[in-house]
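Chemist: Following this message is one structure expressed as structure tokens.
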Amino acid sequence: MFFALRRRNLVTTETNPLFQPIRIRNLTIKNRIGMAPMHTKYASESGEVTDKLIEYFVARARGGVGLIVVENTCVDWDYGKGDGNPVTIHDDRFRPRLHELVKAVHQHGAKIITELHHVGRQTFRSNLGGRTPVSASAVQSEVGGDMPREITEEEILETVQNFRRAARRTKEAGFDGVELHGAHGYLFNSFISPRTNKRTDKWGGSFANRCRFAVAVVRAVREEIGPDFPLFFRMSAAESTPNGLTLEDGLRYARVLQEEGVDCLDVSHGTYESIKHFPMQGDPLDSLVHLAEAVKQAVSIPVIAVGSLGIDPKVAERVITEGKADMVHFGRELLADPELPNKIRFNRFEEARTCIRCNECTGSIDKGHFLACAVNPELGYEYKKALQQSPRAKRVVVVGAGPAGLEYAVTAAKSGNTVTLLDKQEHIGGLARVCSMSEYKNREICRLIDYYGTQIRKAGVDLQLGTPAAAETILGFSPDKVVFAMGSVPLSPPVAGSERAQIAIDKLIDGGQGLGESVCIIGGSGVGLDVALSLSHKGIRATIIEMTDTVGRELSGHLRWHLLDMAAAAGVTILPSHKVIEIVDFGVVAEHSGQRVEIPCDDVLSAIGFERVDTSTLEQEITSAGIETEVLGDMTGAGHFMDAIQAGFWQAIEA
């Protein structure tokens, strides 16, 4: 029997289905929570495992996951490499550092497997030394990648051997199993999908022929690793693209993989053209579970469900208890909080730093940066062990309880300082609380604010709400240092008739009270989209007017596409490249392609941006008293969650 440690308000693992062990082939995993594979760019330029990557995985192993699936691990450096610094296993020389990773993870009781990967058509010649990407057929991805050429039969057979050799190295490095990445539009997926496989030889055409590549790799890998080594396969059960893989064929595919010796199916959804494998703000947390459930009903081997299941552990528990899957993978949830499994297990979920599904993680990769998280500034810096006790404890007053101020206050207090946090409002959160009033992101942002409320109490921060920032008040706390995190205020449009415009975020706060049947929203930022979606759900017709050619420019690509899809479904009208020149009684006058355009509406809302709160006089009063001051968050032009929280953390660390 497996029992949790006896602590206050703890449950035993027998009462929580997530913490029952599971056996896959000859591998026993201590619980039902796995870490989904996610590209980090933490490997070296040559693809070798780094200390940064090891400590990233060790933090999640220490945090209680049962199984770690290493990010996409390249089997062919010439043709199989994607963007950034992927981990590679294409040569024996990479085995020693992979072994170091395995040893480090095993020390914390987790099992670890590789995810063998060939990028196929979803890459660029610049990643391949000028070579043309290969795919089942010469069908270009609509969202990224140069036009591929059709892979030859000789190359197919060599690729099969590359997977075989990589599987051997996986076993020799001490991993507990191997997974083949057959999902999301990569090479395996390009063969099984009728959308991308137009071949007329034995590798294309019929369903059996489209399965042939996967079957060949699975057989070669099984022959290489032997009958007892666990073999996982990650699959998109359906693509949700025109002429793509249907769920019916996905289930047939699952049965073929089982028959060929796959031990466990890791069930995902879609490709980068459909973006269905990233459930986002507004999506149900279990939006992909029906696919795992369908696969489980079609096969007799274990099945893993994915999605956003760690945001609410009760949802994850139901997946197991209702027999919809045998395990659940947490992905972005573990980026936000590596300790999430332990916090669930020991009834400390209220202490968990929640993923807000903003997809800044994938956005950071798309922009060419290391993997980062909007709400966890320590992601990728686990190896630095940055949080240390301050050499000399200070009395710190933080003015402003928005995301930056909250993060600064908590971090400074944990570092040994005595911290007082002031805010003129009667609640914490700042503009984050306003965002929580959005129809589609309410749950995620509210949980983040709740997290900070818990952390403030645990860290012993003296919270003074309903306290306006005045020099006399601040100096009354006898601070050694004062940190200004008072954020920003909305701008009014600099055009004639601006007095007719209301502030868009105010309409999030009051739910659109007093508005007519139609509104024009000036500014196509994320705020403009938030307001348009929220008002449209209340039956108000919304038109977004954006002066540039792109709406939601500052958002991560995946979230932006998602919100634009939601806006289209909600009937929101978007007018890019329209510059507002006047606000009039009947609505808005704009300029588009040199032409005057009149846009009628009942009310006009401004979402053109923000400017920092002017605290220069207050800062001067504090400084003249001989007190050290610092500014952060929106006051430095940070602008959104990731920048604000990062600023709060790192400025507190460096203070």
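We did not get these values from a lab; they are worked out from the coordinates using the rules stated. Note that the coordinates shown come from a computational prediction; the quantities given were computed from them, not determined experimentally. Ideal geometry is used to build each Cβ from the backbone, glycine not excepted, and the neighbour counts take in all protein chains shown.
Chemist: Kindly put THR196, THR241, THR88 in sequence by how many other C-beta atoms sit within 10 Å of each C-beta, fewest to most. Don't skip to the answer; put the middle values down first.
Modeler: On the way: THR196 31, THR241 19, THR88 25.
Fewest-to-most Cβ neighbours within 10 Å comes out as THR241, THR88, THR196.
Chemist: To continue, here is another question. For the chain, calculate the relative contact order in percent as a whole number, restricting contacts to Cα pairs under 8 Å that are 6 or more residues apart.
Modeler: Result for the chain is 11 percent.
Chemist: Let me spell out the model: positive unit charges on the Cβ of Lys and Arg, negative unit charges on the Cβ of Asp and Glu, origin at the Cα centre of the range 498-608. What dipole size does that give, in debye rounded to 20? Display every interim value, and only then the final one.
Modeler: Values: 8 positive and 15 negative charges, 50 e Å.
That gives the range 498-608 a dipole magnitude of about 240 debye.
Chemist: Given points 7 Å out from each Cα along the Cα-Cβ axis, report the ALA569 to GLU158 separation in nanometres with one decimal.
Modeler: The answer from the label model is 4.5 nm.
Chemist: Separation between the ARG125 and ARG252 pseudo-spin-labels, each 7 Å from Cα along Cα→Cβ, expressed in nm?
Modeler: 3.7
Chemist: Now a separate question. Cysteines without a disulfide-compatible partner in the chain, using Cβ under 4.7 Å as the rule?
Modeler: Cysteines lacking a close Cβ partner in the chain: CYS74, CYS211, CYS264, CYS355, CYS358, CYS361, CYS373, CYS435, CYS446.
Chemist: Now a separate question. Give me MET486, MET327 sorted ascending by neighbouring Cβ count inside 10 Å, so fewest comes first. Don't skip to the answer; put the middle values down first.
Modeler: On the way: MET486 28, MET327 25.
Lowest count first: MET327, MET486.
Chemist: Could you tell me whether the range 22-331 comes out rounded, prolate or oblate from its Cα gyration tensor? Rule is a ≥ b ≥ c as square roots of the eigenvalues, rounded for a/c under 1.5, then prolate if a/b exceeds b/c, otherwise oblate. Working shown, then result.
Modeler: Numbers: a/c = 1.42, a/b = 1.12, b/c = 1.27.
Since a/c stays below 1.5, the shape of the range 22-331 is classed as rounded.
Chemist: Okay, moving on. Pull out a ≥ b ≥ c, the square roots of the eigenvalues of the alpha-carbon gyration tensor of the range 316-390, then state rounded if a/c is under 1.5, prolate if not and a/b is larger than b/c, and oblate in the remaining case.
Modeler: Working: a/c = 2.70, a/b = 1.41, b/c = 1.92.
Because a/c hits 1.5 or more and a/b fails to exceed b/c, the range 316-390 counts as oblate.
Chemist: Restricting to Cα pairs below 8 Å that are 6+ residues apart, what does the relative contact order work out to for the range 284-377? Please round to a whole percent.
Modeler: Details: 126 pairs, mean separation 20.0, N = 94.
Relative contact order of the range 284-377: 21 percent.
Chemist: Ranked highest first by the average count of other Cβ atoms within 10 Å around their residues, in what order do 622-630, 474-482 fall?
Modeler: Working: 622-630: 14.7, 474-482: 17.3.
For the peptides 622-630, 474-482, the packing ranking is 474-482, 622-630.
Chemist: Continuing with the same structure: Over the range 276-336, what is the mean sequence separation of C-alpha contacts under 8 Å (at least six apart), divided by residue count, expressed as relative contact order in percent? Write out the running numbers ahead of the final one.
Modeler: Details: 84 pairs, mean separation 20.3, N = 61.
Rounded, it is 33 percent for the range 276-336.
Chemist: Separate question: Quick one: length gained pulling ALA138 to THR321 fully straight, 0.36 nm per residue minus the C-alpha distance? Don't jump to the answer; show the numbers that get you there.
Modeler: Working: separation 183, 0.36 × 183 = 65.88 nm, distance 4.42 nm.
Stretched fully, the ALA138-THR321 segment lengthens by 61.5 nm.
Chemist: Under the 0.36 nm per residue contour assumption, what length would be gained going from the current alpha-carbon distance of ASP585 and GLN107 to full extension?
Modeler: Values: separation 478, 0.36 × 478 = 172.08 nm, distance 6.95 nm.
That works out to 165.1 nm of additional length.
Chemist: Quick one: go through the range 57-93 and flag any residue whose amide nitrogen is under 18 Å from the point 7 Å out along the Cα-to-Cβ line of ARG149.
Modeler: 77-81
Chemist: Tally Lys/Arg at +1 and Asp/Glu at -1 over every other residue whose Cβ is under 15 Å from the Cβ of ILE29; what's the total?
Modeler: Summing Lys/Arg as +1 and Asp/Glu as -1 gives +2.
Chemist: May I pose another question? Mind computing the radius of gyration and Dmax over the alpha-carbon atoms of the chain? Å is fine for both.
Modeler: Rg and Dmax of the chain, Cα atoms, are 26.5, 82 Å.
Chemist: Could you name the aspartates and glutamates in cross-link range of LYS198, using Cα to Cα under 12 Å and dropping any fewer than eight places away on the same chain?
Modeler: LYS198 reaches GLU150.
Chemist: What order do you get for ASP146, ASP76, ASP565 when you list them from fewest to most C-beta neighbours inside 10 Å? Show your work: numbers first, answer last.
Modeler: Values: ASP146 18, ASP76 22, ASP565 12.
The most exposed by this proxy come first: ASP565, ASP146, ASP76.
Chemist: While we're on this one: Using Cα positions and a limit of under 29 Å, work out the lysines in reach of LYS394, with same-chain residues fewer than 8 apart set aside.
Modeler: LYS384, LYS385, LYS414, LYS424, LYS458, LYS481
Chemist: Provide the FRET efficiency to the nearest 0.05 for the ARG219-GLU351 pair, computing r from the beta carbons and using R0 = 60 Å.
Modeler: Working: r = 47 Å, r/R0 = 0.78.
So the FRET efficiency works out to roughly 0.80.
Chemist: Still on this model: Just report the Cα centroid separation between the range 98-169 and the range 32-85, whole Å.
Modeler: Centre-to-centre distance over Cα atoms comes out at 14 Å.
Chemist: I've got another one for you. Sum -39500 (n - 2.57) across every DSSP H segment of at least 4 residues in the chain, then divide by the residue count to get the 222 nm mean residue ellipticity, nearest 500. If you can, show how the numbers build up before the last one.
Modeler: Numbers: 20 runs with 212 residues, N = 655.
Result for the chain: -9500 deg cm²/dmol, rounded to the nearest 500.
Chemist: By what distance, in whole Å, do the Cα atoms of the range 498-608 stretch along each of the three principal axes, largest value first?
Modeler: 36, 34, 20
Chemist: What FRET efficiency would be calculated for the residue pair THR15, ASP51, taking the C-beta separation as r and a Förster radius of 35 Å, to the nearest 0.05? Each step should come with its number before you reach the end.
Modeler: Numbers: r = 38 Å, r/R0 = 1.10.
So the FRET efficiency works out to roughly 0.35.
Chemist: Further, regarding this structure: How many nm separate the modelled label positions at ARG93 and LEU465, each set 7 Å beyond the Cα in the direction of the Cβ?
Modeler: Output for this residue pair reads 5.9 nm.
Chemist: Further question: Can you give the charge dipole size of the chain about its Cα centre, rounded to the nearest 20 debye, using +1 on the beta carbon of Lys and Arg and -1 on the beta carbon of Asp and Glu?
Modeler: Working: 72 positive and 84 negative charges, 469 e Å.
Here the chain has a charge dipole of around 2260 debye.
Chemist: Find which of ALA254, VAL419, THR454 sits farthest along the positive direction of the dipole of the chain, computed with +1 on the beta-carbon of Lys and Arg, -1 on that of Asp and Glu, about the Cα centre.
Modeler: Positive-most Cα among the choices belongs to ALA254.
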